[in-house]
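Notes for the one structure printed next.
The values are calculated or read from the model by the stated rules, or taken from the named source; none is laboratory data. This is a predicted model, so every value here is computed, not measured. In this analysis, Cβ positions are derived from the backbone assuming ideal geometry, glycine residues included, and neighbour counts consider all displayed protein chains. Side chains included, ligands, DNA and RNA excluded: accessible areas come from the protein's heavy atoms. Shrake-Rupley method; radii C 1.70, N 1.55, O 1.52, S 1.80 Å.
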Amino acid sequence: MAFGRQILSAFKSQASPLPGAGQRPSLVEPLPAPCPSAGDPREAVLDLLPVPTAIVSANAGTIVFEAVNGPFRAAGFTATDGQAALLQEIGDQVLAFLLSTDTRRRMALRLGDAVDSRHYDVTLARREESVGIPRCMMSLVDQTPEQRTETSLRREMNTDSLTGLPNRTGFGDLVEEQVAGGDRARYAVLAINLDRFSRVNACMGSLSGDELLISVARRLKGVLRSCDVLARTGGDEFAVLLGLRDGADDALQAAGRLQQALVQPFQLSDFNIRVECSIGIALGEDAEAEAEDVIRHAQFAVKRSKRTGQTEVYRPHLFDIVRSQFSIETRLRHALEDRQLQLAFQPICDLSNGRINSFEALARWRTPEGENISPVDFIPVAEESGLIVPLGRWAMEEAGRTLVEWDRMAGGDCGARMAVNLSAVQLQRDNVEAMFAEMLAQYGLSGDRFTIELTESAFVVDPDRTLCTMLALKEMGAQIAMDDFGTGYSNLAYLQKLPIDKLKIDRSFITGMLADRDKVAIVRAILSLAQALGLRTTAEGIETQELEHTLVALGCAFGQGYFYSRPVDADAAYALLLARNA
């Protein structure tokens, strides 16, 4: 406290009337004023402070250093060039403070070039009751070591330690700077994903994988221009911030060069490793104001590239489709929890007598707002998200409950079977056998009341697991039908190995069959094959009596389509069953 009073007393003792009172000082070009003599008593007090400190005043529009301490001189601020550099950087701010009523203000000061710069935290302070010449005390705390440490840490945080390239965070900062520049039409982001890189790690180890990544980075960087930036954004993912001159053509040409750079095999140990990549391109002009938008667009495009096998440029309408699918996923999750879905039932008729043999149970979704969402839209989303498992369980349980209700109304067996679809995803992720057995036990039904319909993809994804599941279902009495036959792989070996009871001929072969001789030939061949293997057949998509008669003549056993009925709710389906089977 005594030390503070000593500084303020020395500070106050030098106060004198302001020359040219009534004239407002203005700093046009700060000129260095001569420093006071070494005998100034204030300097003796200031020398007690460990940081560069000076007493500064405004005199006729010029900033004057009235007294300085030893550290201030040692830092070079009293020299003409040092003082001029200091005032050139913060002179306007110092003068503004002197002419204000503030008692304290802080600011940052940077002196020197980018390679060897010094950073200071500058504090300006004065007593509230100061009068006379505008005067304050300036102290500078050297923040250079902290700044350099922070810069070094930031550089490490933004740099991939393996390749030395910018990492995901650093690349995002670079794109952010580009976005802030305002000219979004002059840049693009390329997302690069190495194909089958995981096999290298699995077969040769992580060290070889790291060596391959370094070599890939060198080749990719070698075909880019000096103004372009290559980054490693993930394990086997790279990205390029590309400057554009001719729009999207520049980006496509760069993608071609990047792919060409990887054509030559990489030598790892005794192996020649061939590396291919998928590339997605997002143009800056298609992004919003955020850097994350253009990066996300490029990542979306590279996912499409992996499916199509060619370089893909982001298209907004495709992204809108994906966002719509994500919205459907969220809504479907709530719909399953709130039991908003219903089953519709379409009859499958015996073509020999027109009686209903069974009903196919089909999921339908009507939102509380009255919107009907097509299965074409929500079933693929359910399969991709895994929601097909609870959806499939609900459909099986609801089908069993409906069959029991029909039996109750009929006073016994209603005479109809129920066909329920199982997804290949559900076969992989769910315990279908236990689920089916639990449903039968819950409703007291026998397995022979059900036909389980599987698509050909279910047999291809995991044949062994599918075979075990099918055998277990068959032991419980269920029949197995191959749905949409002819539209997938149609591997005849599956028909021999798997315990299939029925083939369902896809509607694409039935619709318009009478006007297309090729379709007739295909249907005849499928029916002959099924007869040779002892399988019964169901034709989908029958819409006219003429089609029905033709299929009967060709030897088809069952038919399904709008000619008999559209999918209807449970009550209408039961009424239809009574009417046709009376």
Roughly how many Å² of V122 are accessible to a 1.4 Å probe, to the nearest 10?
0 Å²
So what's the angle, to the nearest 10 degrees on a 0 to 90 scale, between helix 432-443 and the longest Cα principal axis of the chain?
60 degrees
When 1/r is averaged over all different Cα pairs and the result inverted, which Kirkwood radius in Å belongs to region 289-446?
18.5 Å
Calculate the dipole size of the chain relative to its Cα centre from +1 charges on Lys and Arg beta carbons and -1 charges on Asp and Glu beta carbons; express the result in debye to the nearest 20.
600 debye
Relative contact order (%) - criterion: Cα under 8 Å, at least six apart; region: region 403-490:
32 percent
Here are a few candidate values for P(r) over Cα pairs in 20 Å bins from 0, in percent: (1) 15, 27, 25, 16, 12, 5, 0; (2) 20, 49, 24, 7, 0; (3) 18, 38, 26, 13, 3, 1, 0. Which one was actually calculated from the structure I just gave you?
(1)
Please give the FRET efficiency for A84 paired with E177, using the beta carbon to beta carbon distance and R0 = 30 Å, rounded to the nearest 0.05.
0.45
Along Cα→Cβ, 7 Å out, is where each label goes; now give me the distance between the ones at S269 and R148 in nm to one decimal.
4.4 nm
Inter-label distance, nm, simple model (7 Å from Cα along the C-beta direction), N431/R408
2.9 nm
Quickly work out the R225-to-D195 label distance, labels modelled 7 Å from Cα along the C-beta direction, and quote it in nm with one decimal.
2.9 nm
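Based on the alpha-carbon gyration tensor of region 36-140 and its eigenvalue square roots a ≥ b ≥ c, which shape applies: rounded if a/c is under 1.5, prolate if not and a/b is larger than b/c, or oblate?
Oblate, because a/c is 1.5 or more while a/b does not exceed b/c.
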May I ask for the Kirkwood hydrodynamic radius of region 184-313, worked out over all distinct Cα pairs and given in angstroms to one decimal?
14.9 Å
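Roughly speaking, what % of Cα-Cα pairs in region 439-582 are separated by over 22 Å, rounded to a whole number? Numbers along the way, then the final one.
Values: 4804 of 10296 pairs.
Tail of P(r) above 22 Å: 47 percent of Cα pairs.
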Grab the beta carbon distance between Q260 and E329, set R0 = 60 Å, and tell me the FRET efficiency rounded to 0.05.
0.95
Percent relative contact order of the chain, based on C-alpha pairs within less than 8 angstrom and at least six residues apart?
8 percent
So, taking all protein chains as they sit and a 1.4 Å probe, how much accessible area belongs to Y562, in Å² rounded to tens?
120 Å²
Which of E177, E312, E475, E329 is most accessible, then next, and so on - probe 1.4 Å:
E475, E177, E329, E312
Ratio for region 356-503, C-alpha Rg to 2.2 N^0.38 Å, reads 1.06
Roughly speaking, to the nearest percent, how much of the chain's 1.4 Å accessible area is carbon and sulfur?
50 percent
When ligands, DNA and RNA are left out and all protein chains stay put, how many square angstrom of accessible area per residue does the chain have with a 1.4 Å probe?
50 Å²
Nearest 10 degrees is fine. How inclined is helix 375-385 to the longest principal axis of the chain, computing both from alpha carbons?
60 degrees
Over the residues of region 214-281, compute the C-alpha Rg and express it relative to 2.2 N^0.38 Å.
1.16
Helix axis angle, 206-222 relative to the chain longest principal axis, alpha carbon, degrees:
70 degrees
Using a 1.4 Å probe on the protein heavy atoms only, what accessible surface does V389 show? Give it in Å² to the nearest 10.
30 Å²
In the chain, if the dipole is taken from +1 on Lys/Arg beta carbons and -1 on Asp/Glu beta carbons about the Cα centre, which of A239, M435, S161 is farthest to the positive end?
S161
Positive-end extreme of charge dipole, region 489-582 - chosen from T538, S528, N581 (charges on Cβ):
S528
Residue separation times 0.36 nm, minus the C-alpha to C-alpha distance between R106 and V520: what's the value?
140.3 nm
